[in-house]
Every structure is written in C-alpha cells, then in structure tokens.
Amino acid sequence: MANLVTRFKAARQVFLAGSPARRRQKSLPFGWPTLTQGVPEWHLVDLDAYIAEGFNMNSLVYSAIMYKVRATLTAPLRAYSGDEKNPEELPKDNPLQARLLQPNEYQSWAEFQSRNVVFFNVAGNVYIYIDPNTGEMHSLNPARVYIIPRAGKVAELAGFLYVPVGKSVQNTDECIKIINDDILHIKLPNPSDPLEGMGYGMSPMQPAAQVIDVDNMITKFLNIFFKRGAMVSGVLQFDRPLNDDTVDTVIERWEEKYGGYEKWGVGVLDRGGTYSRTALTFEEMGFEAVDGRGETRILGPFGVAPILVGAKVGLDSSTYSNYEAARQAVWEDTLIPELTWFEMEYQRRFNTDTEFVQFDFSRVPALQRAVVRQVTAAYTLIQTGVPPNQAYRTVGLRIGEIPHGDEPLILSGPGAQQGPRADEDESWGQRDDVPE
C-alpha cells in the first residue's frame, strides 16, 4: 500500500503540469475554459440510485446484466504469441498470462471481469487501475472516480480523482489523484460529452430510466393490491349520514373481514350500504400490453432478447429454435462488440512486439454452432478456386496454415476447378498412381 500512496502523491505534479510526452504532442483544435482547471467533472447520473433502483430492485435489469456477465465468462481474456490470425496461447507461468488469470491478490479473472461488466452496463464506465509497481489490476467503483480536465489551449485530461469511502469530492486533499497512464477507462459513447469524447460514458440505464421507474411502480402496486385487497378497488356508500366514529368503525370492520386477498369472498353490508367499484380491472387497464411494453423497452438498451431472460413478452412466441437464434444473435450483435471496447483498451496496455492479448471465443457454445456454416462456406469458396488458407481466413475459421493451402485445390468430378496437376508438385514424390 505504501507504493500506491507514493504513486498517488506523485500524480500531483502531472496533474498540474502534464506529462512531458503529452506536452510535446501537437495541440488539438479545441480547448477548455480556465475554470475547469483541476475541477472534477460532475457525474452524469446518480450511480447509487441506478444500483439501488435498477440493478438491486428491478428483476429485468438484474437478469439482463447478469445474463451478460455469465455469458461473457465463457470468453476469457488470454495472452498469445505469434500471429493474431493464428495465435499460440502462452503457458500459465508466463507473466502476462498469469496476470490475466489472477488480476490481483484477491480476485480471479472471473470475479474481476464480472465486476467490470456490471459497472459497464450500470454506469457506462469502467475504471481499471493498474499498479505500476506490481502490475495488479483493480476495478474501481465508477461512483467514486471523477475525471479531471486540464484547462488551456491543449485539450487534455489532468487525470482522475478517486474519492475513498466517507470522503467528499469537494475536499480534493482527502482524495487520491491518479495519472492517466495508470487507468484504463472503458466507456460507452456519450454524444453530450462536454469533453469531446474524453469524459464520461453514457449508461444504458439512462434511456430506460423512466420505464424502469414505471415497472418498479407496477410491481409496488401489485404488492399493495394483494396486501390490501378490496380496499384499493372501490368505495362504500350509505344512504344516511355517518359521523366520524361510525365511519372508522365501518372501515375497521371491512378491513378486518375482507382486507387482503386471503379474506376475499362475499361482502355483506347493513344499514343500506352499497359497494361501488372505482378501480379498473387488469383487463380494462390493458395490463398485459403495458407490462410487455415495459419489458421490451427495458431490455432494448441492454441488447438482450426477452426470451433469454424469461420475460413474458419473449416466452409468448418462443420456440427452441428461436432461443438458439437469440443466443447467437446476442453474441454477434451485443456481447462481441461490447467486449471489443474492453479488448482494445487491454491491447493498448499489454500488447508488445512478441505478445498480445485477446478474448478467446473458441469455448462459447452459441458461437460454435456457426462452425458448420463456416465450414460449408469455406468449402464453397474452395470449389470456386480460392486457396484453402485464404478461404478459411475469409469465413473466420482458425485452423492454422495447412500444407499447400496457399494454392487452389484440385477437386475431382464434373465442373471441378482446373489447376496444377498433382504430379507437377515435387512434394508429392514419385507415385505409381499418378497418370503420365
């Protein structure tokens, strides 16, 4: 911890003057006003409220995010050598591979990346601190991290401010300054970013916030409805004036006898009383349509099909084939693109001339079902005269280089692609069955 504190204190100088390498760079065509110098940028949203009312309270939000967490664990980040198109996985005792397997002393890769995926979907921002002394990676809570711009003709960031628990961002002396080089900031696009793409990302919960509130209120309404029963659906009317004591007695008797769904039954009123329904039934409210609308609008920003999280709007028209197609689609349209944001930042940090990192999709069940189609596509290309190695790369099959794979393959039968004769290739040797 002493090394970390020393590093954090040293960041003060970089915050004030900027890094020498940055000062040598060409100026950008825009800058920020002096009043922003060293002042933390305010967060776009109340992240604690998003966590409490979204992730913690709303089952759809939780299900969508946790589906993405569980799914992406099948594609871990790994270190490789060789060519990126034909990677060779490094052994577990390789320093870079070991760091990916165990990002820090307390977390495995699964725990570490799961936390990152949750923050990415709740906050739209992920901050990974990399200890310059040990290389350990730590995922910081976005609610405690603030971006600090540097004012002047050159638009740049001074760094980041980490606010420990119990401290205030207003008192920067109590906070920890972190330079840009020690932080990986992965974020979603934010078109209203005042820092021209250098500021905060936009949470996918932001466009869904109102619908999430409605869904939470519907759930609360149902909870109250079944707790209070008939008391929320109508009024008791009498043909004579009632004093306050009589009204209280009537209400008490009615709640005692018919309050709560477990006591529902035939109501009996005396003294000329009548019961009039004032509330709409679920059918009259179009409750099913309202509920379905909420499900689709909540899940849409997360890019997860309703069928995958058991939402009713998805199950109503679901089949096994639909489920399989949805699993593949969520990988191709949502998960792979989102992991690309992470991968590019990891590569910027860890790639060298001899080693590189990338996510391993070879064990993702939903993607393996596409292999048959890839093989068929590759075979079709080979039939048209495309060299096998080129055909396999085109369709995305990683099977390595095959002997003589850079030349068109001669296929027998009607309409076969004509190419060099097998006996013209010296590697075939002398064979009795090769026609003269």
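Report, by residue number, each residue of region 319-358 that is assigned to a loop (DSSP other than H, G, I, E, B) and farther than 26 Å from Arg99 by Cβ.
Residue satisfying the conditions is Thr319 alone.
Taking the stated definitions as given, is Glu105 within 22 Å of Ile183 (Cα to Cα) and either surrounded by 19 or more Cβ atoms within 10 Å (Cβ to Cβ) or free of Cβ contacts under 8 Å to residues at least 60 places away in the same chain (or both)?
yes
For region 42-67, enumerate the residues that are more than 14 Å from Asp215 (Cβ to Cβ), crowded, with 16+ Cβ neighbours inside 10 Å and not aromatic (Phe, Trp, Tyr).
The answer is His43, Leu44, Val45, Leu47, Ile51, Ile65, Met66.
Please find, within region 372-406, the residue that is modelled with the lowest pLDDT out of those that are surrounded by 13 or more Cβ atoms within 10 Å (Cβ to Cβ) and of a type in the set (Val, Ile, Thr).
Looking at the filtered set, the residue picked out is Ile399.
The rows are residues; the columns are (1) more than 28 Å from Ala49 (Cα to Cα); (2) in contact with a Cys (Cβ under 6 Å, 6 or more places away or on another chain); (3) polar (S, T, N, Q).
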| site | (1), (2), (3) |
| --- | --- |
| Asn141 | no, no, yes |
| Arg144 | no, no, no |
| Glu156 | yes, no, no |
| Leu161 | no, yes, no |
| Gly166 | no, no, no |
| Gln170 | no, no, yes |
| Asp173 | no, no, no |
| Ile178 | no, no, no |
| Asp181 | yes, no, no |
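Determine whether region 124-139 contains at least one residue that is among the aliphatic types (A, V, I, L, M) and assigned to a loop (DSSP other than H, G, I, E, B).
No; the residues of region 124-139 include none that is among the aliphatic types (A, V, I, L, M) and assigned to a loop (DSSP other than H, G, I, E, B).
Identify the residue in region 68-97 that is over 14 Å from the mean Cα position of the chain (by Cα) and farther than 16 Å from Asp360 by Cβ and, among all such residues, is surrounded by the most Cβ atoms within 10 Å (Cβ to Cβ).
Among residues in region 68-97 that are over 14 Å from the mean Cα position of the chain (by Cα) and farther than 16 Å from Asp360 by Cβ, the one surrounded by the most Cβ atoms within 10 Å (Cβ to Cβ) is Pro95.
Within region 118-173, which residues are touching a residue at least 60 places away in the same chain (Cβ under 8 Å) and among the basic types (Lys, Arg)?
Correct list: Arg150, Lys153.
Test Thr134 against the criterion of being polar (S, T, N, Q), surrounded by fewer than 19 Cβ atoms within 10 Å (Cβ to Cβ) and in the same structural domain as Ser108 (by TED's automatic domain parsing), and give yes or no.
Yes, satisfied.
Within region 298-312, track down each residue that is surrounded by 17 or more Cβ atoms within 10 Å (Cβ to Cβ) and modelled with pLDDT under 85.
Listed by number, the list holds a single entry, Ala311.
How many residues does region 165-178 hold that are among the aliphatic types (A, V, I, L, M) and touching a Pro at 6+ places or on another chain (Cβ under 9 Å)?
2
Which ones in region 359-395 are among the aliphatic types (A, V, I, L, M), within 30 Å of Tyr346 (Cα to Cα) and assigned to a loop (DSSP other than H, G, I, E, B)?
Val364, Ala370
Please work out which residue is farthest from Val304 (Cα to Cα), limiting yourself to region 99-123 and to residues that are of a type in the set (D, E, K, R) and assigned to a helix (DSSP H, G or I).
Only one residue tops the list, namely Arg99.
Which of the following residues is within 15 Å of the chain's Cα centre (by Cα) and under 24 Å from Ile179 (Cβ atoms): Gly135, Gly124, Gly159?
Answer to the selection: Gly124.
Can you confirm whether region 3-12 contains a residue that is among the hydroxyl-bearing types (Ser, Thr, Tyr), modelled with pLDDT under 65 and in a helix (DSSP H, G or I)?
For region 3-12, residues among the hydroxyl-bearing types (Ser, Thr, Tyr), modelled with pLDDT under 65 and in a helix (DSSP H, G or I): present.
What do you reckon, is Lys167 modelled with pLDDT under 95 and part of a loop (DSSP other than H, G, I, E, B)?
So Lys167 fits the description; yes.
Report the residue count in region 176-190 for those that are surrounded by 20 or more Cβ atoms within 10 Å (Cβ to Cβ) and assigned to a loop (DSSP other than H, G, I, E, B).
1
The values are calculated or read from the model by the stated rules, or taken from the named source; none is laboratory data. Please read these numbers as outputs of a predicted model, since none were measured by experiment. Neighbour counts are summed over all protein chains in view; Cβ atoms, including those assigned to glycine, are modelled from backbone coordinates with ideal geometry.
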